[in-house]
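First up is the structure itself, then whatever we jot down about it.
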Amino acid sequence: MAVCARLCGVGQSRRCRRRQRPNQQGPGSDSDMDEEEGERIVGQRQGDVSGRGLDSGSAVTAGPSDACEYGSSRVNRGGFLSRARTGPQHPQTLAELPPELLVEILSLLPGTTLPNVALVCKTFRQILNTETIWRRRCIEEFGMKEDLRKMEVGQVSSRDIYVKLLHPYRHILGLWQPDIGPYGGLLNVMVDGLFIIGWMYLPPHDPRVDDPMRRRPLFRVHLWESKKATVECMYGHKGPHKGDIQTVKKDEFSTKCNQTDHHRMPGGRQEEFRTWLEEEWGRTLEEIFHEHMQELILMKFIYTSQYDNCLTYRRIYLPPTMPSDLLQPGLFKGTYGSHGLEIVMLSFHGNSARATKLTGDPNVPAGQLTLDVDLTRPIVLPDLEQQRKIEELSRLVLGIHEEVQREAEQRGKGTSSTVSGAAVGACGGASTAEKMDVDHGASSDNCQSGPSSSSSSSSSPPDTQPFVLPLGVIARNEVYPRTCRKCFYGTGLIAGHGFTSPERTPGLFVQFDEDRFGFIWLELKSFSLYSRLTDHLPHARAPNMERFEAMLHNMQSWTS
């Protein structure tokens, strides 16, 4: 009973649940603990309560059967409760909180603010040595999925990973376009395991637009060999070797290989070309019978191989999504005749949809607006029999094209950006086809078909209509979707070699489903099929539409 009295600080109160029963225990019973042991327990309880920041109105639970209610204002008779009230009822500062609470609080702060927190006091500086805080920052801010405890066992701490790897190189995470002349490209720099890796994304082999993207590592940064971040070039076939990354300016950086001899092959340039051709096209030069196509491939190899992975990259963003968008904007793979598959970015701007090239060719380089679609001018397709006639499709599209030109002339602003330089006349002129340098001959053994439609993001799928290409229109993919949702008037950009004499020509934009669309180039009598790129691309979303619009403007100026 003495222990209970001391814990409660009130003696034999009516509020004490553990009362002594009559004649149950005598003065010499085991419950009469000595004074010293009783005070020790009281001291433990007092420290326990004050350490947890409890006030006098809280309940102290000693156990299921030993709980004592002491929160009543009528109970105020010395003992433990009185002593607890004479001290602080709760912590006056954050530093007085228990260490485990401080760890939990500080682990919620962004890692960039923690160095300033360490300057506040010695307590915070000591708490910030806790690995839990930095491990959580690595996972939540950079998506590290590797078990960081393994690195900690190897004497590389989570704090080192954050401070010496992730934070210094955070500015290169995201999507980038390499400056490779007209060819461009798509680089995704991401945290991959315990590395930061720059992956070059390559389209699948022509013309299989529904196949997944191919990835090739160009560089990586890690802390494996020492506690200092190490940059390695991954280009070539001899494994990782010394490299360097330099920040040129905001939203721009460059890579440099310090051992370009690692890129060379024993068989010289011929072996390097054969290996590159197999990776780029999945075929040998002998299997590509079209002579003009062989020239384009050889030209690309000579041009791109001279850089030796010493490149400059400019940041690009994924387009923002709006509720009114026709379909989800993003990146798509598309067929471009003899130039193979190229990557475009589909974005929506009010009443127009635009496809901008991320990879390009000597005719229309990367960064240019390849498609411009007027969403205020839908086209209703005729029945299948009429769709097969190129004359019927030309009549529909060119009728709208002439109307657009007349409206532009009436506004007194000349030819609008969507129809500038487009000549109204017979379709399929030979000179235009030569200017575009396009060969849309389809190879049936390389074609792959996908599902004809996919579910819409809306609650009920939209109506679809039958679709067939007109006779005489050449498609790299002979197996294409046979139903579509909507069609619109649009223009496509064509040009001569070296981006000479660029002009926009009328065509038909066809939305097949949420992940595929097509474009019929009337003057070229050719069809391009586009399929969505579904890879995970973190750190790539544009902060706002204004920033995205500025990026698109800059992209066009890079190659104009």
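Ligands, DNA and RNA excluded, the heavy atoms of residue 474 present near 80 Å² of accessible surface to a 1.4 Å solvent probe. Using r as the Cβ-Cβ distance of residue 465 and residue 556, and R0 as 25 Å, what FRET efficiency do you calculate, to the nearest 0.05? Efficiency, from the Cβ-Cβ distance: 0.10.
Computed with every protein chain present, the accessible area of residue 249 is close to 120 Å² [probe 1.4 Å]. For the set 164/227; 145/228; 389/525, the pairs lying more than 19 angstrom apart at their alpha carbons are 145/228. In the context of the full set of protein chains, region 195-282 has a per residue accessible area of 51 Å² (1.4 Å probe).
Distance from the C-alpha centroid of region 201-238 to that of region 248-293: 14 Å, rounded to the whole angstrom. Cα centroid separation, region 319-347 to region 86-132: 48 Å. Projecting the Cα positions of 310, 337, 297 onto the charge dipole of region 291-338 (unit charges on Cβ atoms of Lys, Arg, Asp and Glu, taken about the Cα centre) puts 310 furthest along the positive direction. Which of rounded, prolate, oblate describes region 220-365, given a ≥ b ≥ c as roots of the alpha-carbon gyration tensor eigenvalues and a/c under 1.5 marking rounded, otherwise prolate only if a/b is larger than b/c? Taking the square roots of the gyration eigenvalues as a ≥ b ≥ c, region 220-365 is oblate. Extension gain for residue 299 to residue 251 (0.36 nm times residue separation, less C-alpha to C-alpha distance): 14.3 nm. Alpha-carbon geometry of region 192-250: the Rg and the Dmax are 14.5, 46 Å, given in that order.
Note on region 111-223: with neighbouring protein chains present and a 1.4 Å probe, carbon and sulfur make up 53 percent of its accessible heavy-atom surface.
Extension gain, residue 211 to residue 279: 0.36 nm times the residue separation minus the Cα-Cα distance gives 23.0 nm. For residue 474, the residues 5 or more places off, or on other chains, whose built amide H falls under 5 Å of its own are 526, 527.
By accessible area, using a 1.4 Å probe on protein heavy atoms only, region 232-295 has 48% of its surface on carbon and sulfur.
Between amide H atoms placed 1.01 Å from N, distances below 5 Å from residue 192 occur with 197, all of them 5 or more places distant or on a separate chain.
Given R0 = 41 Å, the distance between the Cβ atoms of residue 541 and residue 129 translates into a calculated FRET efficiency of 0.75.
Legend: calculated FRET efficiency, residue 101 to residue 244, from the Cβ-Cβ distance at R0 = 41 Å, rounded to 0.05, equals 0.40. Computed over neighbours whose Cβ is under 12 Å from that of residue 110, the net charge equals +1, Lys and Arg +1, Asp and Glu -1. Take the alpha carbon gyration tensor of region 487-527, find the square roots of its eigenvalues, order them as a ≥ b ≥ c, and report rounded if a/c is under 1.5; if not, report prolate when a/b exceeds b/c, else oblate. Taking the square roots of the gyration eigenvalues as a ≥ b ≥ c, region 487-527 is prolate. In this structure region 287-384 gives 34 Å² per residue of accessible area when probed at 1.4 Å with all protein chains present.
The values are calculated or read from the model by the stated rules, or taken from the named source; none is laboratory data. Worth saying up front: this structure is predicted, and the values here are computed from it rather than measured. Here the Cβ is made from the backbone with ideal geometry for all residues, glycine too, and neighbour counts use every protein chain on show. Surface areas here come from the heavy atoms of the whole protein model, side chains and all, with no ligands, DNA or RNA. Shrake-Rupley method; radii C 1.70, N 1.55, O 1.52, S 1.80 Å.
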